[in-house]
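Structure first, commentary second.
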Amino acid sequence: MANDYTTLVLLRPLLETLAIEAPAVCVRLQALHDDFADRIRRDDADLALVSEQLCTKFLPGFPRHAMYEDRFMACAWSGNPAFCQPSSLDLPAVALRAVRHRCAPNLADHALDELNVTRRIEIRTESQLLVPYLLTRTPPVAVIPERLALSAADAAQLSIAEAPVPLPGLRDAAVWHPRDSGDAAHEWQRLEHAASALRPATMPPA
């Protein structure tokens, strides 16, 4: 189970590896919902890929493995003349619409609100993956995870800069039911996830 961002930056590269190393394996990707902790407790899913904060809050004591860390970056269309290492968010902005799912907190917008950073929100969306493409040939700026920004930089014609204010990073982990810890197939799956997570966030080839 994973959200759309984790599916893109972690699971999609994993599928490339599995297509070569284990072509007969069937991978079932499931969306992350509010019942993720209940499903892990029932051993109804192999893994949940969620933030370490959610692991601690909803599944204390369950085995987990840190997957990856990411940081938030400011992004805009590369043809936006007003975007140049912004020191503030004076430009119009894209924001994720407040999502009520406890498993999908809007961390960047929440952090900016906590810091009392005023933004002129012109676009709201519920899909984090859409944000880079909404910037193309439009004036807003967005604050999104670096891996997402880099993965979309070429197709969405993005310029990427440091976030205008210090923001907490993202730390995701895989969590599972204790009875699966000794299962060889499950251990192989966890190792493959961990190897995929170690791939650096790099700009895709032109």
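The values are calculated or read from the model by the stated rules, or taken from the named source; none is laboratory data. Computed from a predicted structure; not experimentally measured. Ideal geometry is used to build each Cβ from the backbone, glycine not excepted, and the neighbour counts take in all protein chains shown.
Looking at the stretch 108-122, is at least one residue under 15 Å from the mean Cα position of the chain (by Cα), among the basic types (K, R), at pLDDT below 90 and in a loop (DSSP other than H, G, I, E, B)?
Taking every residue of the stretch 108-122 in turn, none turns out to be under 15 Å from the mean Cα position of the chain (by Cα), among the basic types (K, R), at pLDDT below 90 and in a loop (DSSP other than H, G, I, E, B).
Restricting the search to the stretch 129-149, which residues are surrounded by 21 or more Cβ atoms within 10 Å (Cβ to Cβ) and either β-branched (V, I, T) or within 15 Å of the chain's Cα centre (by Cα) (or both)? Don't jump to the end; show me each part of the working.
We begin by selecting, within the stretch 129-149, every residue surrounded by 21 or more Cβ atoms within 10 Å (Cβ to Cβ); these are 131-132, 135, 140-145, 147-149.
Matches in the stretch 129-149: V131, P132, V141, A142, V143, I144, P145, R147, L148, A149.
Return the pairs, sorted by first residue and then second, in which the second residue is aromatic (F, W, Y), the first residue lies in the stretch 106-129 and is not assigned by TED's automatic domain parsing to the domain that holds L8, the beta carbons are less than 7 Å apart, and the residues are 6+ apart or on different chains.
A108/F72; Q128/Y5; L129/Y5
Just checking, how many residues over the stretch 75-95 are at pLDDT below 90 and part of a strand (DSSP E or B)? Break it down stepwise before answering.
First, pick out the residues of the stretch 75-95 that are at pLDDT below 90: 80-95.
Keeping just the survivors that are part of a strand (DSSP E or B) gives 92-95.
Going through the stretch 75-95 one residue at a time, the tally reaches 4.
Checking C55 against (1) in a helix (DSSP H, G or I); (2) modelled with pLDDT under 90, which single condition isn't satisfied?
(2)
Return the total of residues in the stretch 33-87 being in contact with a Cys (Cβ under 8 Å, 6 or more places away or on another chain) and either surrounded by 21 or more Cβ atoms within 10 Å (Cβ to Cβ) or within 20 Å of G182 (Cβ to Cβ) (or both). Steps first, answer last, please.
Applying the first criterion (in contact with a Cys (Cβ under 8 Å, 6 or more places away or on another chain)) to the stretch 33-87 yields 33-34, 36, 50, 54, 62, 64.
Pick out the ones that are also either surrounded by 21 or more Cβ atoms within 10 Å (Cβ to Cβ) or within 20 Å of G182 (Cβ to Cβ) (or both) and you get 36, 50, 62, 64.
Residues in the stretch 33-87 being in contact with a Cys (Cβ under 8 Å, 6 or more places away or on another chain) and either surrounded by 21 or more Cβ atoms within 10 Å (Cβ to Cβ) or within 20 Å of G182 (Cβ to Cβ) (or both): 4 in total.
If I filter the stretch 57-65 for residues that are of a type in the set (G, A, S) and either touching a Ser or Thr at 6+ places or on another chain (Cβ under 9 Å) or touching a residue at least 24 places away in the same chain (Cβ under 8 Å) (or both), do I get at least one hit?
no
Checking L158 against (1) under 12 Å from the mean Cα position of the chain (by Cα); (2) modelled with pLDDT of 90 or more, which test does it fail?
(1)
Among the candidates A37, A66, which residue alone is within 21 Å of E187 (Cα to Cα), part of a helix (DSSP H, G or I), of a type in the set (G, A, S) and touching a helix residue (DSSP H, G or I) at 6+ places or on another chain (Cβ under 9 Å)? Outline the logic, then answer.
On the way: A66 fails: part of a helix (DSSP H, G or I).
Exactly one residue qualifies, and that residue is A37.
Within the stretch 150-172, identify whether any single residue is charged (D, E, K, R), touching a Ser or Thr at 6+ places or on another chain (Cβ under 8 Å) and in contact (Cβ under 8 Å) with a residue 24 or more places away in the chain, and answer yes or no.
Quick first cut of the stretch 150-172, residues charged (D, E, K, R) only: 154, 162, 171-172.
When the remaining residues are screened for being touching a Ser or Thr at 6+ places or on another chain (Cβ under 8 Å), the result is 171-172.
Filter once more, so that each one left must be in contact (Cβ under 8 Å) with a residue 24 or more places away in the chain: 171-172.
Within the stretch 150-172, one or more residues are charged (D, E, K, R), touching a Ser or Thr at 6+ places or on another chain (Cβ under 8 Å) and in contact (Cβ under 8 Å) with a residue 24 or more places away in the chain.
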